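Down below is the structure, laid out as structure tokens.
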Amino acid sequence: MEQKKIKIYPYLIDEKRISGYYELLLEDKYKLKIFDKKKNKSVYDYFLPSIREYLFWSFNMNAKEVIAEYNSLGNDLKSAICSTYNCNVFEKDKNIVICFSTGVCFAVTDNEAVVKKLTKYEETQEMEEINLRSEDAYELKDSKEEHLYAQVLELYKLIYLNKINKELQFPNLFDKARNSYVDFSQQVYAVTETDKDKFCDTLREKLKLDKIYITVENQFDLLYKNNKLNENIAYKRFGIILLVVFIIIGIIILINGLDI
């Protein structure tokens, strides 16, 4: 019998409700993966400090008392804590769920039924909205734990860049998209993931991430310049209106003065 292949399934959750989604996962018996510097040494050593901190905050839960205190909390409080961090990893049986605070999530499993259950909370956040196919799944490149998370990280960049690109098309979301773009660039995209191998570089090239990043950057620059131009036009119009008002007031005062 052919063994099912483990795949990475991306999906989107409303980022405003990410805490509630974490609580749903916990209620469904998923558990936060608490990384250990010894047990998960390959992961700890593979990623450079900045990315490691971004992805695996639970490495800092290295005291038994801290872990015991977390485990004693209710699911609502656990989810609230998780929602304060950039990324969380949950496990149940052989299934893994990796969620970012931006609402971009990944199911790592060989069971499509698990994926359907996980993604039923997508609400209106569809992959098609950001020009990606919802049915797309990515085969796990190899069995190394560190490469699993490296692959998810590069896929996260792909999806989030598309998400930002979509938001830039809506004027009312421009400021949010701008802030998201800056944070993403500083915390993730411009940061070197590892110095152990070229795995991330290879994936970045295959996914054409640099091309997408430049496209988003160019669109951002264009929209920013257009916004500034529109602001300048608005200021000029306002100035002209004020000038006309002052002239009219001056004429009225002059006429009143001549009548006297």
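The values are calculated or read from the model by the stated rules, or taken from the named source; none is laboratory data. The model shown is predicted, which means the values in this text are computed figures rather than measured ones. We place every Cβ from the backbone using ideal geometry, glycine too, and count neighbours over all the protein chains shown. Just the protein is used for accessible areas: all its heavy atoms, side chains included, with ligands, DNA and RNA removed. Shrake-Rupley method; radii C 1.70, N 1.55, O 1.52, S 1.80 Å.
Within segment 113-153, the set of residues being of a type outside the set (A, V, I, L, M, F, W, C), part of a helix (DSSP H, G or I) and over 19 Å from Lys16 (Cβ atoms) comprises Lys116, Lys117, Glu128, Glu145, Glu146, His147, Tyr149, Gln151.
Here the condition is being under 15 Å from the mean Cα position of the chain (by Cα), in contact (Cβ under 8 Å) with a residue 24 or more places away in the chain and surrounded by fewer than 18 Cβ atoms within 10 Å (Cβ to Cβ); of Asp14, Asp28, it holds for Asp14 alone. Give me the residue from segment 185-200 that is of a type in the set (Ser, Thr, Tyr) and farther than 12 Å from Lys157 by Cα and, out of that set, most open to solvent (accessible area, probe 1.4 Å). Among those residues, the one meeting the criterion is Thr192. Of the residues making up segment 50-60, not a single one is in contact with a Lys or Arg (Cβ under 6 Å, 6 or more places away or on another chain), closer than 30 Å to Ile130 by Cα and open to solvent by less than 40 Å² (accessible area, probe 1.4 Å). Within the set Tyr21, Tyr44, the sole residue that is in contact with a Phe, Trp or Tyr (Cβ under 7 Å, 6 or more places away or on another chain) and farther than 22 Å from Tyr138 by Cβ turns out to be Tyr44.
Let's see how each residue does on (1) part of a helix (DSSP H, G or I); (2) modelled with pLDDT of 90 or more; (3) surrounded by 14 or more Cβ atoms within 10 Å (Cβ to Cβ):
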{"position": "Leu155", "(1), (2), (3)": "yes, yes, yes"}
{"position": "Ile159", "(1), (2), (3)": "yes, yes, yes"}
{"position": "Leu173", "(1), (2), (3)": "yes, no, yes"}
{"position": "Ser180", "(1), (2), (3)": "yes, no, yes"}
{"position": "Thr202", "(1), (2), (3)": "yes, yes, no"}
{"position": "Leu222", "(1), (2), (3)": "yes, no, no"}
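Here is a list of conditions, (1) buried (at least 20 other Cβ atoms within 10 Å of the Cβ); (2) of a type outside the set (D, E, K, R); (3) touching a strand residue (DSSP E or B) at 6+ places or on another chain (Cβ under 9 Å), and Ser134 meets all of them except one; can you say which number that is? Ser134 satisfies all of (1) buried (at least 20 other Cβ atoms within 10 Å of the Cβ); (2) of a type outside the set (D, E, K, R); (3) touching a strand residue (DSSP E or B) at 6+ places or on another chain (Cβ under 9 Å) except (1).
When Val114, Val104, Val89 are screened for being in contact with a strand residue (DSSP E or B) (Cβ under 9 Å, 6 or more places away or on another chain), within 29 Å of Ile164 (Cβ to Cβ) and open to solvent by 10 Å² or more (accessible area, probe 1.4 Å), only Val114 passes. When the residues of segment 24-41 are narrowed to those that are among the charged types (D, E, K, R) and in contact with a Phe, Trp or Tyr (Cβ under 7 Å, 6 or more places away or on another chain), which ends up nearest to Val152 (Cα to Cα)? Filtering segment 24-41 for residues that are among the charged types (D, E, K, R) and in contact with a Phe, Trp or Tyr (Cβ under 7 Å, 6 or more places away or on another chain), the one nearest to Val152 (Cα to Cα) comes out as Lys33.
Considering Leu132, Leu158, Leu73, the condition of being aliphatic (A, V, I, L, M) and without any contact (Cβ under 8 Å) to a residue 40 or more places away in the chain is satisfied by Leu73 alone.
Give the residue that is surrounded by the most Cβ atoms within 10 Å (Cβ to Cβ), with candidates limited to residues of segment 31-49 that are among the charged types (D, E, K, R) and without any contact (Cβ under 8 Å) to a residue 12 or more places away in the chain. This residue is Lys41. Pairs under 7 Å by beta carbon, first residue under 16 Å from Lys92 (Cβ atoms) and modelled with pLDDT of 70 or more in segment 110-127, partner aliphatic (A, V, I, L, M) and open to solvent by 50 Å² or more (accessible area, probe 1.4 Å), six or more apart or different chains? Taking only residues 6 or more apart or on different chains, the pairs are Asp110/Ile6.
The number of residues in segment 202-216 that are farther than 20 Å from Val182 by Cα and in contact (Cβ under 8 Å) with a residue 12 or more places away in the chain comes to 2.
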